[in-house]
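Peer 1: Pasting in a structure now, in structure tokens, and then I'll have a few things to ask.
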Amino acid sequence: MSNETTLTVVEKKRKSLPIIIDQKRNAYLWESNRELKLKYMLSVEKIKRFFEGLAENKLLATKCEKCNELYFPPQSFCSKCLSNNMKWVELSKEGEIVTFTKIYVKPTSFSHYADYTIGIIRLKEGINVLAWISEKNVNKLKVGMKGRIEIVNREPENYLTYEIIPIEN
Ligand SMILES: [Zn+2]
């Protein structure tokens with residue numbers, strides 16, 4: 001491309017309206033040229049024990065003292081009986097993979113990762129845990145296969161999280 005052509009393209013861009021047309025409704029939409037970077041800060045004060053647990057290589061859930069309902073991810077109150085009398089329990093980290101899928105089209109905040117596999121493991125305690133699966137080749141996975149949870153370090157952010165490790169029979 002010659003310099004002249006490049007300039008023409010830039011010039012055209014500059015003079016165009018920041019408007020796109022919604023093809024479905026044939027209506028004008030204003031499109032912002034500024035990208036926002038969002039960073040969330042959420043209070044985890046009431047469930048901080050969960051994060052301490054990860055550092056101790058433990059997967060912790062909360063259990064309602066009143067009705068025995070188990071919560072994972074942990075909740076500081078029981079949505080079943082509305083009690084906030086909860087206790088911490090350590091999960092076995094062992095169970096059965098109930099479903100899985102490979103993610104090729106990622107949410108924006110996950111776009112820097114290579115394609116990854118996610119799934120649900122039903123732990124012995126009857127709790128379903130959604131997490132990444134260490135196996136990237138979905139052909140090696142089967143519904144009903146045994147698996148376990150491992151506390152892992154997620155790169156490149158370098159934080160502790162948990163992942164499903166399939167166990168071959
Ligand atoms: Zn309860």
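Peer 1: Want the number for HIS112 to LYS142: 0.36 nm per residue separation, take away the alpha-carbon distance, what's left?
Peer 2: Extra length available between HIS112 and LYS142 comes to 8.1 nm.
Peer 1: Additional query: Are there GluC sites (Glu not before Pro) in segment 62-148 that DSSP marks as loop and that have at most 14 other Cβ atoms within 10 Å, and which are they?
Peer 2: Taking segment 62-148 and a limit of 14 other Cβ atoms within 10 Å, the loop GluC sites (Glu not before Pro) found are GLU65.
Peer 1: About its Cα centre, what dipole magnitude does segment 93-169 give when the only charges are +1 on Lys and Arg Cβ and -1 on Asp and Glu Cβ, stated in debye to the nearest 20?
Peer 2: Approximately 220 debye in magnitude.
Peer 1: Pairs of alpha-carbon atoms within less than 8 angstrom and 6+ residues apart define the contacts here; what relative contact order does segment 93-169 have, in percent?
Peer 2: Dividing the mean separation by the residue count of segment 93-169 yields 32 percent.
Peer 1: Continuing with this model, one more query. DSSP loop chymotrypsin sites (Phe, Trp or Tyr not before Pro) in segment 26-57 with at most 15 other Cβ atoms within 10 Å of their Cβ, which ones?
Peer 2: Here the chymotrypsin sites (Phe, Trp or Tyr not before Pro) that fit, given the DSSP loop and packing criteria, are TYR40.
Peer 1: Averaging the inverse of every distinct alpha carbon separation and then flipping it gives the Kirkwood radius. What is it for segment 39-112, in angstrom units?
Peer 2: Roughly 14.6 Å, rounded to one decimal.
Peer 1: Are there chymotrypsin sites (Phe, Trp or Tyr not before Pro) in segment 66-169 that DSSP puts in a loop and that have at most 16 other Cβ atoms within 10 Å, and which ones?
Peer 2: PHE77, TYR104, TYR113
Peer 1: Just to be sure I understand the model, the point goes 7 Å from the Cα along the line to the Cβ. What's the resulting TYR40 to ASP22 distance in nm?
Peer 2: My value for the distance between the label points is 2.6 nm.
Peer 1: If amide hydrogens are placed 1.01 Å from N in the peptide plane, which non-local residues have theirs closer than 5 Å to the one on VAL152?
Peer 2: Amide H neighbours of VAL152: THR161, TYR162, GLU163.
Peer 1: Tell me the net charge near LYS58. Cut-off is 13 Å between Cβ atoms, LYS58 excluded, with +1 for each Lys or Arg and -1 for each Asp or Glu.
Peer 2: Computed value for this residue: -2.
Peer 1: Additional query: Project the alpha carbons of the chain onto their principal axes and report the range along each, largest first, in whole Å.
Peer 2: Principal extents (largest minus smallest coordinate, Cα): 71, 41, 35 Å.
Peer 1: Turning to a different aspect of this structure: Residue-wise, which Karplus ³J(HN,Hα) couplings in Hz belong to segment 17-33, taking 6.51 cos²θ - 1.76 cosθ + 1.60, θ = phi - 60°, and x for glycine or proline?
Peer 2: Karplus values, whole Hz, x for Gly and Pro: 6, x, 10, 10, 9, 6, 4, 5, 9, 6, 10, 6, 10, 7, 10, 5, 8.
Peer 1: Let me ask something else about it. Determine the relative contact order of the chain: mean sequence separation of Cα pairs under 8 Å and six or more apart, normalised by residue count, in whole percent.
Peer 2: Relative contact order for the chain comes out at 15 percent.
Peer 1: Now for a different question. What does the charge add up to near PHE72, with Lys and Arg as +1, Asp and Glu as -1, over the other residues with Cβ less than 12 Å from its Cβ?
Peer 2: Residues near PHE72 contribute 0 overall.
Peer 1: Could you give me the radius of gyration and the Dmax of segment 93-169, taking only the C-alpha atoms into account and expressing both in angstrom?
Peer 2: For segment 93-169, the Cα radius of gyration and maximum Cα-Cα distance read 12.3, 36 Å.
Peer 1: For the chain, with the dipole built from +1 on Lys and Arg beta-carbon atoms and -1 on Asp and Glu ones, taken about the Cα centre, which of VAL44, THR108, ILE133 lies farthest toward the positive end?
Peer 2: Of the options given, the answer is THR108.
Rule-based calculations on the coordinates, nothing more; no lab input. If you're wondering where the values come from, they're calculated on a predicted model, not measured in any experiment. For neighbour counting, all protein chains shown are included, and Cβ atoms are generated from backbone atoms with ideal geometry for every residue, glycine included.
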